[in-house]
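A quick write-up on the structure given underneath.
The values are calculated or read from the model by the stated rules, or taken from the named source; none is laboratory data. What you are looking at is a predicted structure, and each value in this text was computed from that prediction instead of being measured. A quick note on method: Cβ atoms are made from the backbone with ideal geometry, for glycine too, and the neighbour counts reach across all protein chains shown. Please note that ligands, DNA and RNA were not included when accessible areas were found on the heavy atoms of the full protein model with its side chains. Shrake-Rupley method; radii C 1.70, N 1.55, O 1.52, S 1.80 Å.
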Amino acid sequence: MGKRKSEIEGNTPKKIKPHWAMGLMDAMKDPKNIVKSDDLVTVIKDAYPKAEFHYLVIPKEDISNLKALNKDHVELLKHIENIAQEVASLEEHKNKIFKFGYHAEPSMAHLHLHVISDDMNSSCVKTKKHWNSFNTPFFLNPQDVRESLETDGKVSLPTPQQCKDYINTPLHCHKCKYEPKHMPDLKKHILTHL
DNA sequence: GTTCTAGAAC
DNA sequence: GTTCTAGAAC
């Protein structure tokens, strides 16, 4: 293995978050985004929903991402999952199916659990990455995340290469065997499952 | 994360 | 010629 570019150039390998990655902080503070909150978490609507309903459950404790978790956070994760289930069960979501997951490599700082209806029917879904981040193993099951934390004291994550492969997986419908030619094709196709 | 757009794909 | 996607953004 060759040296990484950052090492060759003598840069610090530690990544610095760009300003846009801090967006959840501000979104969390703005009352108009807040769906519900308690001592431990805030639930907001995703600013660019990737389905008809799309929420984020965010702990108030400053946790950057899954890598920052330890066994002391297991109860918090259980709480996050419970709140996610509560939000999904709201009356306005009657007859909707929801799924829950953490992105393996989130773009935004601050731990957040996605609570998203399974229709994927949204004008904000535009790219293969959008699609695959919710419809491949890039979308991590919350129980699996919590159980690996309980067992190992840290969250078991796919490697960066596995993440790339998940995101670059050829497009496929999440409800049937259909393999679309491209995103506009897929976006038309999913309307048949509504 | 989004926006924009060059050039690939058709 | 138009549609679509992938990569830069100071």
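Specify the residue that is most open to solvent (accessible area, probe 1.4 Å); the eligible residues are those in the range A:114-138 that are touching a strand residue (DSSP E or B) at 6+ places or on another chain (Cβ under 7 Å) and over 15 Å from A:Y48 (Cα atoms).
A:D118
So which residues in the range A:77-108 are within 16 Å of DNA strand C (Cβ to nearest atom) and more than 14 Å from A:F139 (Cα to Cα), if there are any at all?
A:M108
Among the residues of the range A:110-153, which ones are within 16 Å of DNA strand C (Cβ to nearest atom), more than 25 Å from A:E92 (Cβ to Cβ) and of a type in the set (A, V, I, L, M)?
none
Which of the following residues is within 19 Å of A:D39 (Cβ to Cβ), within 14 Å of the chain's Cα centre (by Cα) and open to solvent by 10 Å² or more (accessible area, probe 1.4 Å): A:H110, A:H79, A:H103?
Every option except A:H110 fails the conditions.
What strands (runs of 3 or more DSSP E) lie completely within the range A:20-120 and have 2 or more residues being more than 25 Å from A:S156 (Cα to Cα)?
A:34-37, A:41-45
Show the residue pairs that are 6+ apart or on different chains and have beta-carbon atoms under 6 Å apart, the first residue being within the range A:114-130 and under 23 Å from A:I80 (Cα atoms), the second being more than 9 Å from DNA strand B (Cβ to nearest atom) and part of a helix (DSSP H, G or I).
So the pair list comes out as A:V115/A:A84; A:V115/A:V87; A:V115/A:A88; A:M120/A:I190.
Could you please give the count of residues in the range A:46-77 that are touching a residue at least 40 places away in the same chain (Cβ under 8 Å), farther than 14 Å from A:H110 by Cβ and of a type in the set (D, E, K, R)?
Total satisfying the criteria: 3.
Considering only residues that are open to solvent by 60 Å² or more (accessible area, probe 1.4 Å), farther than 20 Å from A:E105 by Cβ, more than 16 Å from DNA strand C (Cβ to nearest atom) and assigned to a loop (DSSP other than H, G, I, E, B), which ones fall in the range A:154-194?
Those that are open to solvent by 60 Å² or more (accessible area, probe 1.4 Å), farther than 20 Å from A:E105 by Cβ, more than 16 Å from DNA strand C (Cβ to nearest atom) and assigned to a loop (DSSP other than H, G, I, E, B): A:K175, A:K177, A:L194.
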